[in-house]
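Just so it is clear, none of the values below were taken in a lab; they were calculated from the coordinates. Everything numeric here is computed off the predicted structure, so don't read it as measured data. Methodologically, a virtual Cβ is constructed for each residue, glycine included, from the backbone with ideal geometry; neighbour enumeration extends over all protein chains shown.
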Amino acid sequence: MLRTIINKRTSHKCLCTLVLLCSFAICRADRIVLKEGQIITGKIILEKQTQLYIDIGISVLTVPKDRILEYKYGDTTEAEDADANDAGTEAALQPVDNAPDRLYKIANLKKTTIEKSVDTVSEAVVKISCPGGTGSGFFINEDGFLITNYHVVEKETRIEVTVFRKVKNGFETKKFKKVKIEAINPFVDLALLKVEDLGDTKLPFVYLGDISRIKAGEEVFAIGNPLGLERTVTNGVISTKNRAFEGLLYIQTNADINPGNSGGPLFNLAGEVIGVTNMGYIFLGGLGFAIPVDYVEHFIENRDVFAYDKDNPNSGYKYLQPDRRRNKARPEFPGKKD
C-alpha cells in the first residue's frame, strides 16, 4: 500500500514536471502548419530538403515537407510578431506604409490556402486584348491603374481590358475599351496602363508583396489567360528567387506559364503579388519565370521617366509603312543631264 502511494506520488510529480517542461517548450516552440489544417508545436532539430525533424518533447516526428503548408521558428522576434498579431487579426490585414501619392499598395497579409487566396484576388486579374493577341494583367489600385508586360501591348494602341466579376452563378465579363498607356519599360518588359472609362465601376485590386520575404520552396500560384483560357489558375513552388537572364533577375517557378499568362500576377499564399509572369517554355513544363515585384515597384515609382509618348519611335507606337514605289525607273532631276 505504501509502495503504491509512493509510486502514485512519484508518477504525479513526474507528470507535473513533464507538463511544466512541455509548457515551457511550447512557449518557445517552433510552429508547423500542415496542409490538412493540423498544427504541430515543438522544436525543429533538423531541416532537410524534403522533410523536417521535430522534437515534441516525448518523441521526434519526421514530417515530409510536401505535407506542410508553412512553418516558423519560434525565436524572440517571431514571438513578438505573434503577440502583435494576437492583438488584432484585422490589424494584420490592413495596408501598411501606403503613401497617398503612391499608385500601388502593400499590406501585411497572413498566409492561407490557395483556394481562399484565389477567391480573394481573382477579380483583380484581367484579360488584355490587342489586335496582335491577348495577355493578362492586374489592377494595383481602385482608380483603374494596372500592370502588364510590355510585350503584351508592344506596338499597339487599341487595347481592351476584360474584367471578370463574381455573380451568383459564376462570373460575368465587363469590357473597357478606353485604355491609356501610361508608361512602358521594354528593358524589364513592364507596362503601366489605366482604364479611363470606369464610370461608377468599383475595381478590386491586389497588394504587392515583399521580395525579401520570399524563399525557394515557397508555394505560389499564378492566375491568367493562357491560350485564351480565361481565369486559369496554376500552382507550384519557387524554384529560385534569383535566376539571371541577360543581366536581369527573375523568379523561377514550376507553376505552368504559357502564352496568354504574360503580364499576369504570381502570388504567394497570402494573396500578395510577388512577381509578373513573362516567360515560360511551351514544350517543357515546370519552367516558368516572373519579373520580381521589386522591379515592378521601381518601375511604378519612376513612371514619369518611363512615360509613354506616341511621338517617340521607341515608345511602342505602331507606325504604318509607306507604300512602295510603283514606278521603279530612275527618277529625273530637273536641270541635270546625263
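Numerical summary
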| read-out | value |
| --- | --- |
| Simple label model, 7 Å out from Cα along Cβ direction - Asp119 to Gln51, nm | 3.4 |
| Order by protection proxy (mean Cβ within 10 Å, highest first), peptides 222-228, 59-65, 114-120 | 222-228, 114-120, 59-65 |
| Trypsin sites (Lys or Arg not before Pro) within the range 141-184, DSSP loop, no more than 11 other Cβ atoms inside 10 Å | Lys168 |
| Residue among Leu266, Thr232, Gly144 farthest towards the positive dipole end of the range 114-301, charges placed on Cβ | Thr232 |
| Gained length - Asn235 relative to His298, 0.36 nm times residue gap less alpha-carbon distance | 20.0 nm |
| At R0 = 30 Å, FRET efficiency that the Cβ-Cβ distance of Glu218 and Lys166 yields, to 0.05 | 0.65 |
| Cα centroid of the range 180-216 to Cα centroid of the range 117-173, whole Å | 10 |
| Whole-number D in µm²/s for the range 114-301 (Stokes-Einstein; Kirkwood sum over Cα pairs; 25 °C, 0.890 mPa s) | 152 |
| Fully extended contour minus Cα-Cα distance, from Glu70 to Asp197, at 0.36 nm per residue | 41.5 nm |
| Förster-model FRET efficiency, 51 Å R0, Ile39 and Asp311, C-beta, rounded to 0.05 | 0.30 |
| Lys pairs, the range 169-269 - Cα-Cα below 16 angstrom, 8 or more residues apart or on other chains | 9 |
| Percent of beta bridges antiparallel (DSSP, the range 174-310, rounded to nearest 5) | 95 |
| Lys, Arg +1 and Asp, Glu -1 on Cβ, resulting dipole of the range 102-212 about Cα centre, debye, nearest 20 | 260 |
| Residue-span extension gain [Leu249 to Ile58] - 0.36 nm each, minus C-alpha spacing | 64.2 nm |
| Check: the range 114-301 dipole with +1 on Lys, Arg Cβ and -1 on Asp, Glu Cβ, in debye | 440 |
| Formal net charge of residues neighbouring Leu287 (Cβ-Cβ distance under 13 Å; K, R +1; D, E -1) | 0 |
